[in-house]
Amino acid sequence: MLTAVAVFAPLAGSLTALLLGRQIGDRASQAVTILCMLLASACGVIGFVDHVYLDVPKDTVVLATWVQSGTFHVNWALRQDSLSAVMVAMVTVVATLIHIYSVGYMSHDKTIWRFFSYLSLFSFAMLTLVTADNLLQLFFGWEGVGLASYLLIGYWYDRPSACAAAIKAFVVNRVGDLFFAIGIALIFVTFGSISFDAIFSSVVTHAHDTYHLLGYQFPVLDVAGVLLFLGAMGKSAQIGLHVWLPDAMEGPTPVSALIHAATMVTAGVFLMARMSPLMDYAPSALAMVTIIGGTTALFAATIGCAQNDIKRVIAYSTCSQLGYMFVAAGVGAYQASIFHLLTHAFFKALLFMGAGSVIHAMSDEQDMRKMGGIWRAIPVTYAVMWVGSLALAGVPPFAGYFSKDAILEAAWAAHTTVGMYGYICGLAAAFLTAFYSWRLLIMTFHGKPRADHHVMEHVHESPAVMLWPLLILSAGAILLGWIFREQLIGPDWHAFWGSAITIAPTNHVLVDMEKMPFALSLAPTVLGACGIALAYYMYMAKPELPSLLASRFRFVYELLLNKWYVDELYERIFVSPFKSLAAFLWQTGDVTIIDGIPNGLASITEVGSERAIRLQSGSLAVYAFTMVIGVVALVTIYLIIR
């Protein structure tokens, strides 16, 4: 029952605020949604403790029969195991803190009830996703978070940029979702079921099945794994389908923290872990996961080094960190990917909400080039941003150090070419992560003030309702690595995960990562320190150096500033041609042909009617003359025929 309450309490809060928000007012809408989230987080934490520490056995709670069509039978059921317990606890706690933070951040908004309703709706959809007992229910939650993200990104619908960003996110995610849906169909055809238990119990039986397409044979599990990962690429913003994530910063900052840091974007990583019994028998799919993940980690980190919008820097950091998680999943260390997912949720939500506190202090300014010299005015925000940046950069003993280093160790321990590729990309990204994190800190808080005098006069610390959630997230960013490392990825990881994550007998990554040479294990920390030192030198000791380098290496700077021109490339390859095709089909196909034929017949009828009307003049002489002509014509025809 705890899981059911955790899942449906946010839905109750969302519906109450949505349907009664205008009547009960903003304060009551905030109160009811936050109370429902507090109830959900309490149930989530208690459920986590029950399943992980009190050895409550794995269970599935069937709530209702959802689909019954012939032999196709799907229940609406809640899966209760260690993986769902971790996700439910994380989602509910972080979402509750964001709800509370939003009370202060959105205090001047005109439709507060609508915003809180959307936040709670998103929380419900995400909780549905992580507690699903079958692929159809998971897909329902998957599409639910897509819908809620569309509503939240485009929340300020009077801004054209927000509307465009919402549509972009929705469309790009549909690309990945199409592959996900095809993957679900293939799994049903292969296994005769979409229930997780039925699929996982039959994986070994179907390990050598092949799929015939265009005269070639493909391993069924590899094809299914690739299709599932393509779906995950869209939701988790991996390279190629990442273009929606930075634009999604058009939504309010709490939306960035909830959707694009802690929850929605990690859905793809969760999917890989949930499907681990299948993925572990799909080596080609896992190789693809590793390559895409490593490439994304490095690619997004390079872009983060040149962005000037404080939220966009953190957004590309999210994209990069998700790449790390997929590297871990690709080499079979699903436990390490979920470990980093957990720690990342806290320190990345902290960074986004800290950035929101900065924006709040700077009168809605987001450009770091117009900040600087404000750390004394907002000391609490400054301190928590340091905590988040230290965790993100993987500096010991902060949480990110334990989880990110575990991923790099797992990539090395895979002893494969793709694993080494992921390891090298991860090392390079670790250096760049530390660099852009300290670039953000220095440009935002240090140096001479670059904002105008009026803005600097009004710089102030955020209210307590915004600061307390930041302090709680800071505690998580500091302590979670210490608390959970041994349980999640230590030698006794089986005791923690149970059957929630199962791997093939040949998968020894978690064992071999403990054998990594000490010098290699220090590499990420050393590179992170070098990145911090370089940022300090460039932006504190020699603040004129970035401009000089940008001028000298203009092409590289413009390439990174414009995000490798991926959006422009998509504009040329996809958007413009399809717009032209649509315009052609509209003007030629629709207007000229489809509408032209009936419109032409209507015009002929109209003209004929107008001419016939002219004959009705009302003159008896004309009518008599017409009758005479008619009689003459009939007599003539009769004589000719005769």
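Can you tell me the dipole magnitude for region 141-297 around its Cα centre, using point charges on the Cβ only (Lys, Arg +1; Asp, Glu -1), in Debye to the nearest 20?
180
Using Cα centres only, tell me the gap between region 107-130 and region 1-39 in whole Å.
9
Near the amide H of F218, under 5 Å away, which other amide H atoms are found, from residues 5 or more places off or on another chain, if H is placed in the peptide plane?
Y211, H212, L213
So how do 592-599, 267-274, 333-340 stack up, highest first, on mean other-Cβ count within 10 Å?
333-340, 267-274, 592-599
So for region 109-247, what percent of the C-alpha to C-alpha distances run longer than 24 Å?
40
What distance in nm lies between label points placed 7 Å from Cα along the C-beta direction at A612 and D158?
Between A612 and D158, the simple spin-label model gives 5.6 nm.
If you average the C-alpha positions of region 616-642 and of region 397-451 separately, how far apart do those two centres end up, in angstrom?
So the separation of the two Cα centres works out to 98 Å.
On a full-extension model of 0.36 nm per residue, what is the gain between E461 and C530, subtracting their alpha-carbon distance, rounded to one decimal in nm?
Separation in residues times 0.36 nm, less the Cα-Cα distance, equals 21.7 nm.
For region 1-153, with the dipole built from +1 on Lys and Arg beta-carbon atoms and -1 on Asp and Glu ones, taken about the Cα centre, which of S69, M90, Q23 lies farthest toward the positive end?
Going by the Cα projections, it comes out as Q23.
Peptides 55-63, 22-30, 170-178: what's the order by average Cβ count within 10 Å, highest mean first? Could you put the intermediate results ahead of the total?
Working: 55-63: 12.8, 22-30: 16.2, 170-178: 18.0.
Result, highest mean Cβ count within 10 Å first: 170-178, 22-30, 55-63.
For F553 paired with Y53, estimate the spin-label separation in nm (one decimal), with each label point 7 Å from Cα along the Cα-to-Cβ line.
Taking the simple label geometry, F553 and Y53 are separated by 4.9 nm.
Would you work out the charge dipole size for the chain about its Cα centre, treating the Cβ of every Lys and Arg as +1 and the Cβ of every Asp and Glu as -1, and quote it to the nearest 20 debye?
1200
Roughly how many Å is it from the Cα centre of region 457-489 to that of region 267-345, as a whole number?
23
Could you rank the peptides 286-298, 445-457 by their average count of other C-beta atoms within 10 Å per residue, with the highest value first?
Peptide ranking by packing, descending: 286-298, 445-457.
Where does the chain land at 222 nm, in deg cm²/dmol rounded to the nearest 500, when only DSSP H runs of n ≥ 4 count, each adding -39500 (n - 2.57), divided by all residues?
Computed mean residue ellipticity for the chain: -23000 deg cm²/dmol.
Identify the residues of region 202-220 with backbone N under 12 Å of a label point that sits 7 angstrom from the Cα of V67 along the Cα-to-Cβ direction, or state none.
Counting backbone N atoms under 12 Å from the label point, the list is empty.
Subtract the Cα-Cα distance of K515 and I594 from 0.36 nm times their separation in residues, and report this length gain in nm to one decimal.
Result for the pair: 21.4 nm of gain on full extension.
For the pair T417 and H508, what calculated FRET efficiency results from E = 1/(1 + (r/R0)^6), where r is the Cβ-Cβ distance and R0 = 25 Å, to the nearest 0.05?
On the way: r = 17 Å, r/R0 = 0.69.
My answer for the efficiency is 0.90.
Per residue, how much accessible area does the chain show when a 1.4 Å probe rolls over the protein heavy atoms, in square angstrom?
42
Between A541 and W468, what is the FRET efficiency for a Förster distance of 35 Å, r being their Cβ-Cβ separation, to the nearest 0.05?
Efficiency, rounded to the nearest 0.05: 0.45.
Under unit Cβ charges (Lys, Arg +1; Asp, Glu -1), what dipole magnitude, rounded to 20 debye, does region 533-642 have relative to its Cα centre? Can you show the working numbers first?
On the way: 9 positive and 9 negative charges, 38 e Å.
Charge dipole of region 533-642: 180 debye, to the nearest 20.
At 27 Å minimum axial length over the Cα atoms and a Kyte-Doolittle cut of 1.6, report the qualifying DSSP H helices in the chain, or say none.
Helices passing the filter in the chain: 82-105, 160-191, 464-489, 518-536, 620-641.
Test of understanding: what is the full-extension gain from V631 to M1, defined as 0.36 nm times their sequence separation minus their Cα-Cα distance? Before the final figure, lay out each step's value.
Numbers: separation 630, 0.36 × 630 = 226.80 nm, distance 9.49 nm.
Extending this stretch completely gives an extra 217.3 nm.
How large is the translational diffusion coefficient of the chain in µm² per second when you combine the Kirkwood radius over alpha carbon pairs with Stokes-Einstein at 37 °C and 0.692 mPa s?
123
The values are calculated or read from the model by the stated rules, or taken from the named source; none is laboratory data. Since this is a predicted model, take the numbers as computed values, not measurements. Please note: Cβ atoms are built from the backbone with ideal geometry, for glycine as well, and neighbour counts cover all protein chains shown. Protein only, heavy atoms only, side chains kept; ligands, DNA and RNA dropped before computing areas. Shrake-Rupley method; radii C 1.70, N 1.55, O 1.52, S 1.80 Å.
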